[in-house]
Amino acid sequence: MRDPRIRIFVIIALSVAAFISIAGAALAFLYWLYLPGRFRCIRRPAAVLFFSMIIVVSVISEFTSGNGLSYFIRMTVILLLALYAYTAYAPGEFFRVSVWLFGRRGFEPGLIAEMSMEALNDLEDDSSNIRIALRQKEVPLGFSTLVPVIGMFVLNQIRRAYDQADLLTVRGYTNGGTLCPDFHPGIRDYFSGIVAICILFIAIFPVRDIFILLH
Amino acid sequence: MPLTFEDVSYTRDQFRFTANGIFEEGVHLVSGKVGSGKSTLALIASGLVRPGAGVVHRNQIRKSLLSMQFPEYHTTGITLQEEVRSWGLDPEVLLESTRLSGRAKQDISVLSRGELKRLHLGCVLSCEADLLILDEPFSALDCREKRVICRRIAERSHGIVIICTHEQTWLPPVDFIWEMQNGSLISCGRVPGAITRWSLAPRHIRELVEQGLVPGNISPEAVMGATCGTRE
(Lines give C-alpha, C1' and ligand atoms only; values in the text may rest on other atoms or scores of the structure.)
Protein backbone atom coordinates (compact mmCIF):
# COMPACT_ATOMS: atom_id res chain seq x y z
CA MET A 1 0.00 0.00 0.00
CA ARG A 2 1.52 3.27 -1.13
CA ASP A 3 -0.87 5.63 0.63
CA PRO A 4 -0.08 5.83 4.36
CA ARG A 5 -3.56 7.21 5.17
CA ILE A 6 -5.22 4.08 3.79
CA ARG A 7 -2.60 1.80 5.34
CA ILE A 8 -3.12 3.31 8.80
CA PHE A 9 -6.89 3.10 8.37
CA VAL A 10 -6.65 -0.54 7.26
CA ILE A 11 -4.48 -1.44 10.25
CA ILE A 12 -6.86 0.27 12.70
CA ALA A 13 -9.96 -1.27 11.09
CA LEU A 14 -8.50 -4.78 11.05
CA SER A 15 -7.21 -4.45 14.62
CA VAL A 16 -10.68 -3.44 15.83
CA ALA A 17 -12.22 -6.31 13.83
CA ALA A 18 -9.76 -8.79 15.32
CA PHE A 19 -10.39 -7.49 18.84
CA ILE A 20 -14.19 -7.65 18.53
CA SER A 21 -14.60 -11.27 17.42
CA ILE A 22 -12.89 -14.50 16.45
CA ALA A 23 -14.46 -14.24 12.98
CA GLY A 24 -12.98 -10.76 12.61
CA ALA A 25 -9.60 -12.08 13.79
CA ALA A 26 -9.73 -14.93 11.26
CA LEU A 27 -10.58 -12.57 8.39
CA ALA A 28 -7.95 -10.07 9.51
CA PHE A 29 -5.42 -12.91 9.55
CA LEU A 30 -6.35 -13.87 5.99
CA TYR A 31 -5.93 -10.24 5.00
CA TRP A 32 -2.53 -10.17 6.73
CA LEU A 33 -1.47 -13.15 4.60
CA TYR A 34 -2.12 -10.99 1.53
CA LEU A 35 0.03 -8.07 2.75
CA PRO A 36 3.48 -7.61 1.16
CA GLY A 37 6.47 -8.18 3.48
CA ARG A 38 4.28 -10.04 6.01
CA PHE A 39 6.92 -12.65 6.88
CA ARG A 40 9.76 -10.12 7.03
CA CYS A 41 7.98 -8.26 9.83
CA ILE A 42 7.74 -11.28 12.14
CA ARG A 43 11.51 -11.84 12.06
CA ARG A 44 12.06 -8.85 14.36
CA PRO A 45 13.48 -9.71 17.81
CA ALA A 46 10.68 -7.75 19.50
CA ALA A 47 8.12 -10.10 17.89
CA VAL A 48 9.32 -13.02 20.00
CA LEU A 49 9.09 -10.94 23.17
CA PHE A 50 5.55 -9.73 22.47
CA PHE A 51 4.43 -13.18 21.33
CA SER A 52 5.77 -14.71 24.56
CA MET A 53 3.84 -12.13 26.57
CA ILE A 54 0.63 -13.02 24.73
CA ILE A 55 1.19 -16.73 25.43
CA VAL A 56 1.73 -16.09 29.16
CA VAL A 57 -1.39 -13.93 29.49
CA SER A 58 -3.44 -16.42 27.42
CA VAL A 59 -2.45 -19.35 29.63
CA ILE A 60 -3.30 -17.39 32.79
CA SER A 61 -6.57 -16.28 31.21
CA GLU A 62 -7.47 -19.86 30.17
CA PHE A 63 -7.04 -21.14 33.71
CA THR A 64 -8.88 -18.26 35.36
CA SER A 65 -11.76 -17.36 33.02
CA GLY A 66 -11.57 -19.94 30.21
CA ASN A 67 -11.17 -17.33 27.45
CA GLY A 68 -7.46 -17.94 26.91
CA LEU A 69 -7.70 -19.41 23.41
CA SER A 70 -9.94 -16.63 22.14
CA TYR A 71 -7.61 -14.02 23.67
CA PHE A 72 -4.59 -15.75 22.13
CA ILE A 73 -6.06 -15.80 18.61
CA ARG A 74 -7.28 -12.20 18.71
CA MET A 75 -4.13 -10.72 20.25
CA THR A 76 -1.82 -12.69 17.93
CA VAL A 77 -3.59 -11.23 14.90
CA ILE A 78 -3.38 -7.73 16.39
CA LEU A 79 0.33 -8.28 17.04
CA LEU A 80 0.90 -9.41 13.44
CA LEU A 81 -0.90 -6.29 12.17
CA ALA A 82 1.11 -4.04 14.48
CA LEU A 83 4.38 -5.61 13.33
CA TYR A 84 3.36 -5.11 9.73
CA ALA A 85 2.47 -1.46 10.40
CA TYR A 86 5.86 -0.90 12.03
CA THR A 87 7.77 -2.55 9.17
CA ALA A 88 5.81 -0.83 6.41
CA TYR A 89 6.22 2.63 8.00
CA ALA A 90 8.46 5.10 6.15
CA PRO A 91 9.87 8.18 7.93
CA GLY A 92 7.59 11.22 7.65
CA GLU A 93 4.36 9.30 7.08
CA PHE A 94 2.76 10.01 10.46
CA PHE A 95 3.69 13.66 10.09
CA ARG A 96 1.99 13.89 6.70
CA VAL A 97 -1.10 11.96 7.77
CA SER A 98 -1.48 14.01 10.96
CA VAL A 99 -1.30 17.31 9.07
CA TRP A 100 -3.70 16.01 6.41
CA LEU A 101 -6.14 14.92 9.12
CA PHE A 102 -5.98 17.85 11.55
CA GLY A 103 -4.55 20.70 9.46
CA ARG A 104 -2.19 23.06 11.29
CA ARG A 105 -3.20 21.52 14.63
CA GLY A 106 -1.83 18.21 13.39
CA PHE A 107 1.71 19.53 13.11
CA GLU A 108 2.72 18.90 16.74
CA PRO A 109 1.07 15.47 17.10
CA GLY A 110 2.70 14.46 13.81
CA LEU A 111 6.10 15.65 14.98
CA ILE A 112 5.72 13.77 18.27
CA ALA A 113 4.63 10.62 16.45
CA GLU A 114 7.65 10.82 14.14
CA MET A 115 10.00 11.31 17.08
CA SER A 116 8.44 8.34 18.86
CA MET A 117 8.88 6.12 15.81
CA GLU A 118 12.48 7.24 15.53
CA ALA A 119 13.01 6.43 19.21
CA LEU A 120 11.56 2.94 18.63
CA ASN A 121 13.96 2.38 15.74
CA ASP A 122 16.85 3.57 17.90
CA LEU A 123 15.82 1.20 20.69
CA GLU A 124 15.83 -1.69 18.24
CA ASP A 125 19.33 -0.74 17.03
CA ASP A 126 20.54 -0.27 20.61
CA SER A 127 19.30 -3.69 21.68
CA SER A 128 20.95 -5.38 18.69
CA ASN A 129 24.28 -3.64 19.41
CA ILE A 130 24.12 -4.51 23.11
CA ARG A 131 23.58 -8.16 22.26
CA ILE A 132 26.71 -8.02 20.09
CA ALA A 133 28.70 -6.46 22.94
CA LEU A 134 27.50 -9.07 25.45
CA ARG A 135 28.36 -11.91 23.07
CA GLN A 136 31.86 -10.52 22.64
CA LYS A 137 32.44 -10.32 26.37
CA GLU A 138 30.82 -13.75 26.78
CA VAL A 139 28.58 -12.21 29.42
CA PRO A 140 25.03 -13.64 29.66
CA LEU A 141 22.18 -11.17 30.00
CA GLY A 142 21.30 -11.60 33.66
CA PHE A 143 20.34 -9.53 36.67
CA SER A 144 23.89 -8.14 37.13
CA THR A 145 24.01 -6.84 33.56
CA LEU A 146 20.37 -5.80 33.37
CA VAL A 147 20.80 -2.59 35.37
CA PRO A 148 23.66 -1.12 33.26
CA VAL A 149 21.97 -2.25 30.05
CA ILE A 150 18.65 -0.59 30.94
CA GLY A 151 20.60 2.44 32.16
CA MET A 152 22.29 2.61 28.78
CA PHE A 153 18.92 2.52 27.00
CA VAL A 154 17.62 5.38 29.13
CA LEU A 155 20.79 7.48 28.89
CA ASN A 156 20.96 7.05 25.12
CA GLN A 157 17.37 8.20 24.76
CA ILE A 158 18.00 11.23 26.99
CA ARG A 159 21.12 12.14 24.98
CA ARG A 160 19.20 11.85 21.72
CA ALA A 161 16.34 13.94 23.13
CA TYR A 162 18.84 16.67 24.08
CA ASP A 163 20.39 16.55 20.60
CA GLN A 164 16.98 16.68 18.96
CA ALA A 165 15.90 19.64 21.12
CA ASP A 166 19.13 21.47 20.24
CA LEU A 167 18.56 20.80 16.56
CA LEU A 168 14.98 22.10 16.66
CA THR A 169 16.10 25.21 18.56
CA VAL A 170 18.96 25.89 16.13
CA ARG A 171 16.48 25.65 13.25
CA GLY A 172 14.27 28.26 14.95
CA TYR A 173 11.43 25.98 16.00
CA THR A 174 9.15 27.33 18.73
CA ASN A 175 5.79 25.77 17.96
CA GLY A 176 3.62 24.88 14.99
CA GLY A 177 4.64 24.92 11.37
CA THR A 178 3.44 24.24 7.88
CA LEU A 179 3.57 21.14 5.79
CA CYS A 180 1.91 20.38 2.47
CA PRO A 181 1.42 16.64 2.40
CA ASP A 182 0.70 14.92 -0.88
CA PHE A 183 -0.42 11.35 -1.42
CA HIS A 184 -0.64 9.15 -4.49
CA PRO A 185 -3.10 6.35 -3.80
CA GLY A 186 -3.47 3.60 -6.39
CA ILE A 187 -6.37 1.30 -7.26
CA ARG A 188 -4.96 -1.39 -4.94
CA ASP A 189 -5.01 1.09 -2.04
CA TYR A 190 -8.71 1.80 -2.51
CA PHE A 191 -9.45 -1.91 -2.91
CA SER A 192 -7.52 -2.69 0.30
CA GLY A 193 -9.49 -0.03 2.19
CA ILE A 194 -12.85 -1.36 0.98
CA VAL A 195 -11.95 -4.95 1.95
CA ALA A 196 -10.89 -3.74 5.42
CA ILE A 197 -14.24 -1.95 5.84
CA CYS A 198 -16.06 -5.16 4.86
CA ILE A 199 -14.09 -7.18 7.42
CA LEU A 200 -14.84 -4.62 10.12
CA PHE A 201 -18.51 -4.71 9.17
CA ILE A 202 -18.62 -8.52 9.37
CA ALA A 203 -16.87 -8.42 12.77
CA ILE A 204 -19.36 -5.91 14.15
CA PHE A 205 -22.44 -7.48 12.58
CA PRO A 206 -21.93 -11.25 12.27
CA VAL A 207 -23.32 -12.70 9.02
CA ARG A 208 -25.97 -14.78 10.83
CA ASP A 209 -27.38 -11.60 12.42
CA ILE A 210 -27.87 -10.08 8.98
CA PHE A 211 -29.82 -13.15 7.83
CA ILE A 212 -31.93 -13.06 10.99
CA LEU A 213 -32.76 -9.41 10.27
CA LEU A 214 -33.67 -10.29 6.66
CA HIS A 215 -36.11 -12.97 7.89
CA MET B 1 46.18 -16.20 9.73
CA PRO B 2 44.49 -14.42 6.84
CA LEU B 3 40.89 -13.29 6.90
CA THR B 4 39.44 -14.04 3.48
CA PHE B 5 36.30 -12.65 1.93
CA GLU B 6 35.19 -14.91 -0.93
CA ASP B 7 32.42 -13.44 -3.09
CA VAL B 8 30.71 -12.07 0.01
CA SER B 9 27.52 -10.10 -0.39
CA TYR B 10 24.94 -8.79 2.02
CA THR B 11 21.73 -6.92 1.29
CA ARG B 12 19.66 -4.78 3.65
CA ASP B 13 16.73 -2.78 2.25
CA GLN B 14 18.21 -0.77 -0.66
CA PHE B 15 21.82 -1.22 0.47
CA ARG B 16 24.03 -3.91 -1.07
CA PHE B 17 27.46 -4.81 0.29
CA THR B 18 29.99 -6.85 -1.70
CA ALA B 19 33.52 -7.90 -0.77
CA ASN B 20 36.33 -9.98 -2.19
CA GLY B 21 39.81 -9.92 -0.71
CA ILE B 22 42.36 -11.22 1.75
CA PHE B 23 43.24 -9.42 4.98
CA GLU B 24 46.74 -10.56 5.90
CA GLU B 25 48.42 -10.08 9.26
CA GLY B 26 49.10 -6.39 9.90
CA VAL B 27 47.21 -3.13 10.19
CA HIS B 28 44.54 -2.43 7.57
CA LEU B 29 42.85 0.89 7.01
CA VAL B 30 39.37 0.81 5.49
CA SER B 31 38.35 4.30 4.44
CA GLY B 32 35.06 5.37 3.02
CA LYS B 33 32.30 7.92 3.26
CA VAL B 34 29.52 7.72 5.84
CA GLY B 35 27.06 5.01 4.80
CA SER B 36 29.48 3.36 2.36
CA GLY B 37 29.43 0.02 4.22
CA LYS B 38 32.37 0.22 6.64
CA SER B 39 30.32 -0.86 9.67
CA THR B 40 28.76 -3.69 7.68
CA LEU B 41 32.24 -4.87 6.75
CA ALA B 42 33.22 -4.71 10.44
CA LEU B 43 30.20 -6.78 11.51
CA ILE B 44 30.71 -9.41 8.81
CA ALA B 45 34.48 -9.60 9.41
CA SER B 46 33.92 -10.17 13.12
CA GLY B 47 31.45 -12.97 12.38
CA LEU B 48 28.60 -11.19 14.16
CA VAL B 49 26.58 -10.84 10.96
CA ARG B 50 26.30 -13.68 8.50
CA PRO B 51 26.63 -12.66 4.84
CA GLY B 52 23.74 -13.34 2.49
CA ALA B 53 26.07 -15.06 0.03
CA GLY B 54 29.73 -16.04 -0.14
CA VAL B 55 32.10 -17.19 2.59
CA VAL B 56 34.36 -15.52 5.14
CA HIS B 57 37.32 -17.78 6.01
CA ARG B 58 38.88 -17.21 9.42
CA ASN B 59 41.89 -19.49 9.29
CA GLN B 60 43.53 -19.81 12.71
CA ILE B 61 41.68 -16.77 14.01
CA ARG B 62 40.72 -17.98 17.46
CA LYS B 63 39.52 -14.75 18.96
CA SER B 64 38.11 -11.72 17.21
CA LEU B 65 37.01 -8.49 18.81
CA LEU B 66 34.88 -5.68 17.41
CA SER B 67 34.87 -2.19 18.86
CA MET B 68 31.72 -0.38 17.80
CA GLN B 69 31.64 3.35 17.16
CA PHE B 70 29.54 4.18 20.21
CA PRO B 71 31.20 3.00 23.43
CA GLU B 72 27.89 2.97 25.33
CA TYR B 73 26.94 -0.27 23.60
CA HIS B 74 29.85 -2.08 25.22
CA THR B 75 29.00 -0.97 28.73
CA THR B 76 27.95 -3.81 31.03
CA GLY B 77 29.31 -2.57 34.36
CA ILE B 78 27.79 -0.02 36.71
CA THR B 79 31.07 1.41 37.96
CA LEU B 80 34.32 1.98 36.09
CA GLN B 81 36.05 -0.90 37.87
CA GLU B 82 33.17 -3.28 37.11
CA GLU B 83 33.36 -2.30 33.46
CA VAL B 84 37.11 -2.92 33.29
CA ARG B 85 36.70 -6.27 35.06
CA SER B 86 34.02 -7.29 32.55
CA TRP B 87 36.82 -7.24 29.93
CA GLY B 88 38.93 -9.52 32.17
CA LEU B 89 41.41 -6.73 32.94
CA ASP B 90 42.91 -5.23 36.10
CA PRO B 91 41.04 -1.99 36.89
CA GLU B 92 43.98 -0.33 38.64
CA VAL B 93 46.38 -0.75 35.72
CA LEU B 94 43.82 0.06 33.06
CA LEU B 95 42.41 3.17 34.75
CA GLU B 96 45.96 4.42 35.33
CA SER B 97 46.81 4.02 31.64
CA THR B 98 43.63 5.79 30.54
CA ARG B 99 44.13 8.68 33.01
CA LEU B 100 41.02 7.75 34.97
CA SER B 101 42.70 6.56 38.14
CA GLY B 102 40.98 7.43 41.41
CA ARG B 103 37.57 7.08 39.75
CA ALA B 104 37.26 3.29 39.98
CA LYS B 105 34.09 3.36 42.07
CA GLN B 106 32.40 6.13 40.11
CA ASP B 107 29.23 5.42 38.21
CA ILE B 108 30.10 4.89 34.54
CA SER B 109 27.19 7.09 33.46
CA VAL B 110 28.97 10.22 34.76
CA LEU B 111 31.71 9.84 32.15
CA SER B 112 31.53 12.07 29.10
CA ARG B 113 31.35 10.42 25.67
CA GLY B 114 35.07 11.14 25.17
CA GLU B 115 36.07 9.66 28.53
CA LEU B 116 33.93 6.60 27.92
CA LYS B 117 35.49 6.11 24.50
CA ARG B 118 38.95 6.44 26.07
CA LEU B 119 38.12 3.83 28.68
CA HIS B 120 36.54 1.52 26.12
CA LEU B 121 39.46 1.72 23.66
CA GLY B 122 41.88 1.25 26.55
CA CYS B 123 40.10 -2.01 27.40
CA VAL B 124 39.85 -3.19 23.79
CA LEU B 125 43.48 -2.48 22.96
CA SER B 126 44.60 -4.28 26.13
CA CYS B 127 42.77 -7.47 25.14
CA GLU B 128 44.47 -10.25 23.23
CA ALA B 129 42.77 -10.90 19.89
CA ASP B 130 43.88 -12.42 16.61
CA LEU B 131 41.47 -10.16 14.78
CA LEU B 132 40.75 -6.71 16.12
CA ILE B 133 38.22 -4.55 14.30
CA LEU B 134 37.92 -0.91 15.27
CA ASP B 135 34.87 0.85 13.85
CA GLU B 136 35.43 4.62 13.92
CA PRO B 137 37.92 4.47 16.80
CA PHE B 138 38.75 8.17 16.59
CA SER B 139 35.23 9.56 16.94
CA ALA B 140 34.59 11.58 20.15
CA LEU B 141 38.32 11.80 20.90
CA ASP B 142 40.49 14.92 20.99
CA CYS B 143 43.78 15.16 19.09
CA ARG B 144 45.84 14.05 22.07
CA GLU B 145 43.79 10.90 22.55
CA LYS B 146 43.80 10.17 18.84
CA ARG B 147 47.59 10.27 18.95
CA VAL B 148 47.62 7.87 21.93
CA ILE B 149 45.32 5.44 20.12
CA CYS B 150 47.47 5.61 16.97
CA ARG B 151 50.55 4.77 19.05
CA ARG B 152 48.84 1.87 20.77
CA ILE B 153 47.63 0.42 17.46
CA ALA B 154 51.16 0.70 16.06
CA GLU B 155 52.52 -1.13 19.12
CA ARG B 156 50.44 -4.25 18.46
CA SER B 157 52.89 -6.88 17.36
CA HIS B 158 50.67 -9.65 16.01
CA GLY B 159 47.28 -10.38 14.50
CA ILE B 160 45.08 -8.52 12.08
CA VAL B 161 43.87 -5.03 12.92
CA ILE B 162 41.16 -3.52 10.74
CA ILE B 163 40.43 0.17 11.24
CA CYS B 164 37.21 1.41 9.63
CA THR B 165 37.26 5.19 9.68
CA HIS B 166 36.76 8.42 7.81
CA GLU B 167 39.33 10.21 10.00
CA GLN B 168 41.46 12.45 7.80
CA THR B 169 44.45 13.46 9.90
CA TRP B 170 45.22 11.30 12.90
CA LEU B 171 45.93 7.92 11.39
CA PRO B 172 48.33 5.24 12.60
CA PRO B 173 51.01 3.72 10.38
CA VAL B 174 49.27 0.99 8.39
CA ASP B 175 50.33 -1.91 6.18
CA PHE B 176 47.37 -2.04 3.80
CA ILE B 177 44.73 0.38 2.55
CA TRP B 178 41.21 -0.52 1.44
CA GLU B 179 38.30 1.61 0.29
CA MET B 180 34.57 1.17 0.60
CA GLN B 181 32.83 2.69 -2.39
CA ASN B 182 29.03 2.38 -2.67
CA GLY B 183 29.04 -0.86 -0.70
CA SER B 184 31.97 -2.47 -2.55
CA LEU B 185 35.29 -3.26 -0.93
CA ILE B 186 38.25 -2.19 -3.06
CA SER B 187 41.87 -3.03 -2.29
CA CYS B 188 44.48 -0.32 -2.82
CA GLY B 189 47.26 -2.74 -1.86
CA ARG B 190 50.24 -2.51 0.44
CA VAL B 191 51.64 0.79 1.73
CA PRO B 192 53.44 2.87 0.46
CA GLY B 193 52.36 1.89 -3.07
CA ALA B 194 48.73 1.88 -1.96
CA ILE B 195 48.85 5.59 -1.14
CA THR B 196 49.09 6.47 -4.85
CA ARG B 197 46.00 4.34 -5.59
CA TRP B 198 44.01 5.66 -2.63
CA SER B 199 41.26 7.72 -4.25
CA LEU B 200 39.66 8.67 -0.91
CA ALA B 201 42.97 9.87 0.56
CA PRO B 202 42.85 13.01 2.71
CA ARG B 203 43.46 16.17 0.72
CA HIS B 204 46.90 16.91 2.20
CA ILE B 205 48.12 13.43 1.27
CA ARG B 206 46.60 13.67 -2.21
CA GLU B 207 48.36 16.97 -2.82
CA LEU B 208 51.68 15.45 -1.80
CA VAL B 209 51.14 12.52 -4.13
CA GLU B 210 50.26 14.92 -6.98
CA GLN B 211 53.59 16.65 -6.39
CA GLY B 212 55.34 13.29 -6.67
CA LEU B 213 56.17 13.17 -2.96
CA VAL B 214 54.64 9.90 -1.78
CA PRO B 215 54.89 9.62 2.00
CA GLY B 216 56.28 6.40 3.44
CA ASN B 217 53.07 5.91 5.40
CA ILE B 218 49.87 7.74 6.33
CA SER B 219 50.68 8.69 9.94
CA PRO B 220 51.06 12.43 10.64
CA GLU B 221 54.81 11.89 11.23
CA ALA B 222 55.31 10.18 7.86
CA VAL B 223 53.24 12.82 6.08
CA MET B 224 55.18 15.58 7.84
CA GLY B 225 58.42 13.93 6.68
CA ALA B 226 57.25 14.04 3.08
CA THR B 227 56.04 17.64 3.49
CA CYS B 228 59.45 18.69 4.86
CA GLY B 229 60.96 17.03 1.80
CA THR B 230 58.89 19.49 -0.32
CA ARG B 231 60.34 22.46 1.48
CA GLU B 232 63.84 21.23 1.00
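In the stretch A:107-132, the residues that are in contact (Cβ under 8 Å) with a residue 40 or more places away in the chain form Cβ pairs under 8 Å with partners that are surrounded by 14 or more Cβ atoms within 10 Å (Cβ to Cβ) and among the hydroxyl-bearing types (Ser, Thr, Tyr), at six or more places apart or across chains, as follows: A:107/A:98; A:110/A:98. Restricting the search to strands (runs of 3 or more DSSP E) fully inside the stretch B:1-93 and requiring at least 3 residues that are free of Cβ contacts under 8 Å to residues at least 60 places away in the same chain gives B:3-12, B:53-58. Screening B:51, B:71 for residues that are more than 14 Å from chain A (Cβ to nearest Cβ) and either more than 16 Å from the chain's Cα centre (by Cα) or within 19 Å of residue A:138 (Cβ to Cβ) (or both) leaves exactly one candidate, B:51.
Given the condition more than 24 Å from residue B:25 (Cα to Cα) and more than 17 Å from the chain's Cα centre (by Cα), answer yes or no: does some residue in the stretch B:214-223 qualify? No, there is no match, as no residue in the stretch B:214-223 is more than 24 Å from residue B:25 (Cα to Cα) and more than 17 Å from the chain's Cα centre (by Cα). Take the conditions (1) modelled with pLDDT of 90 or more; (2) surrounded by 22 or more Cβ atoms within 10 Å (Cβ to Cβ); residue B:72 misses just one of them, which is (1).
Residue count for the stretch B:6-38 satisfying the condition of being crowded, with 21+ Cβ neighbours inside 10 Å and not hydrophobic (A, V, I, L, M, F, W, C): 7.
Of the residues making up the stretch A:86-124, those that are surrounded by fewer than 16 Cβ atoms within 10 Å (Cβ to Cβ) and over 17 Å from the mean Cα position of the chain (by Cα) number 6. Checked against the criteria, residue A:39 counts as among the aromatic types (Phe, Trp, Tyr) and either out of contact with any Lys or Arg (no Cβ under 7 Å at 6 or more places or on another chain) or at pLDDT below 90 (or both).
Looking across the stretch A:36-85, the residues that are within 24 Å of residue A:129 (Cα to Cα), surrounded by fewer than 13 Cβ atoms within 10 Å (Cβ to Cβ) and not basic (Lys, Arg) come down to A:39, A:45, A:48, A:49, A:52, A:53.
Output yes when any residue across the stretch B:198-219 is acidic (Asp, Glu) and surrounded by 14 or more Cβ atoms within 10 Å (Cβ to Cβ), and no when none is. No, that holds for no residue. Conditions first: (1) more than 11 Å from chain A (Cβ to nearest Cβ); (2) more than 23 Å from the chain's Cα centre (by Cα); (3) part of a helix (DSSP H, G or I). Residue B:115 passes all but one, so which condition is the exception? For residue B:115, the failing item is (2). Inclusion of residue B:84 among residues that are farther than 22 Å from residue B:128 by Cβ, in contact with a helix residue (DSSP H, G or I) (Cβ under 8 Å, 6 or more places away or on another chain) and within 14 Å of chain A (Cβ to nearest Cβ) is not warranted. Kindly indicate the residue of the stretch A:159-183 that is among the β-branched types (Val, Ile, Thr) and either touching a helix residue (DSSP H, G or I) at 6+ places or on another chain (Cβ under 8 Å) or exposed (fewer than 10 other Cβ atoms within 10 Å of the Cβ) (or both) and also nearest to the other protein chains (Cβ to nearest Cβ) among those meeting that condition. Selected residue: A:170.
The residues listed here are B:154, B:140; of these, the one that is surrounded by fewer than 22 Cβ atoms within 10 Å (Cβ to Cβ) and either modelled with pLDDT of 90 or more or part of a helix (DSSP H, G or I) (or both) is B:154.
Does residue B:91 satisfy being away from chain A (no Cβ under 14 Å) and surrounded by 19 or more Cβ atoms within 10 Å (Cβ to Cβ)? Taking the combined requirement at face value, the residue satisfies it.
Taking the stretch A:14-46 as the range and being more than 14 Å from the chain's Cα centre (by Cα) and hydroxyl-bearing (Ser, Thr, Tyr) as the test, the residues that pass are A:21, A:31, A:34. Residue A:11 falls short on exactly one of the conditions (1) in a helix (DSSP H, G or I); (2) over 16 Å from the mean Cα position of the chain (by Cα), and that condition is (2).
The values are calculated or read from the model by the stated rules, or taken from the named source; none is laboratory data. What you see is a predicted model; the values in this text were computed from it and never measured. No Cβ is skipped: glycine too gets one built from the backbone with ideal geometry, and neighbour counts run over all protein chains shown.
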